[in-house]
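The values are calculated or read from the model by the stated rules, or taken from the named source; none is laboratory data. In this text, all values refer to a predicted model and were calculated from it rather than measured experimentally. All Cβ positions, even for glycine, are placed from backbone atoms using ideal geometry, and neighbour counts span all protein chains on display.
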């Protein structure tokens with residue numbers, strides 16, 4: 001670990017260390033210590049690029065990140081030392097400490113990015129729901145498509161959302177035999193499961209979309225709650241979701257959760273309602289993995 005004062009002293013000395021900003025290029029462009037290299041430690045080519053930019057393993061190197069709260073600078077140091085570099089130190093407190101101590105920082109502050117208010121509609125081609133059904137001895141998985149979807153934003157927050165699922169679009173991806181595949185799909189369409197003849201669509205209407213305090217990137221950052229209608233039965237449903245604004249202005253929604261099908265009247269093979277099922281038992285819960293892309297209307 002090297003302090004900001006010691007780094008300032010070395011940079012003005014006869015053999016200044018090579019400075020390495022270890023975050024992705026966008027963070028490097030936003031703020032960096034002058035004369036720094038950008039070698040992103042998250043890239044699999046990190047060490048290859050380091051070898052190209054710093055070929056002499058005896059060169060003193062100082063790696064840094066934003067503020068010392070993450071492990072990325074320590075990870076960069078670990079990898080460089082393992083690759084044979086002899087003198088690698090981490091800047092204590094990172095870029096924030098350097099700037100607080102009066103050190104010069106260069107870069108372009110990013111434009112604040114927020115979703116515009118208005119109505120967004122689902123991109124039906126790029127949106128998909130993956131399902132997984134299980135029993136004691138086996139499981140099947142596949143997809144089902146959205147029929148429609150929309151969300152309304154006001155002051156940067158989702159105030160309403162509605163999605164319809166086309167149950168006739170259910171596909172199974174793990175059964176190669178065409179006859180067996182068709183047999184399973186017919187069973188899923190029957191009254192044992194989804195009654196798609198009488199109820200060809202399922203619908204979810206969100207009443208609450210609220211942020212999750214302290215959520216970190218890659219973890220659910222919103223709680224979604226509303227009413228889900230399946231087989232003509234409406235019941236409350238809530239789940240965590242990852243919601244993010246993409247660079248192109250679209251909104252990406254991902255969620256992974258399970259529903260108890262018996263709440264919507266699908267009791268086939270459920271041990272809660274039938275005795276001595278043996279190999280005919282089917283798990284009550286169906287796993288769902290949602291990937292939805294929303295585009296600004298118009």
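Does region 226-241 contain any residue that is farther than 23 Å from residue 286 by Cα and surrounded by fewer than 16 Cβ atoms within 10 Å (Cβ to Cβ)? Checked against the condition, which is being farther than 23 Å from residue 286 by Cα and surrounded by fewer than 16 Cβ atoms within 10 Å (Cβ to Cβ), region 226-241 yields no hits at all.
Scanning region 35-48 for residues that are within 22 Å of residue 8 (Cα to Cα), touching a helix residue (DSSP H, G or I) at 6+ places or on another chain (Cβ under 6 Å) and part of a loop (DSSP other than H, G, I, E, B) yields a single hit, 39.
Working only within region 49-74, note down all residues that are in a helix (DSSP H, G or I) and loosely packed, with under 11 Cβ neighbours inside 10 Å. Working first, answer last.
Of region 49-74, the ones in a helix (DSSP H, G or I) are 49-53, 72-74.
Within region 49-74, just 52 meets the criteria.
Against the numbered list (1) more than 27 Å from residue 117 (Cα to Cα); (2) surrounded by 14 or more Cβ atoms within 10 Å (Cβ to Cβ); (3) touching a residue at least 24 places away in the same chain (Cβ under 8 Å), residue 251 comes up short only at (1). Taking the conditions exactly as written (within 17 Å of the chain's Cα centre (by Cα) and either modelled with pLDDT under 95 or assigned to a strand (DSSP E or B) (or both)), does residue 236 satisfy them or not? No.
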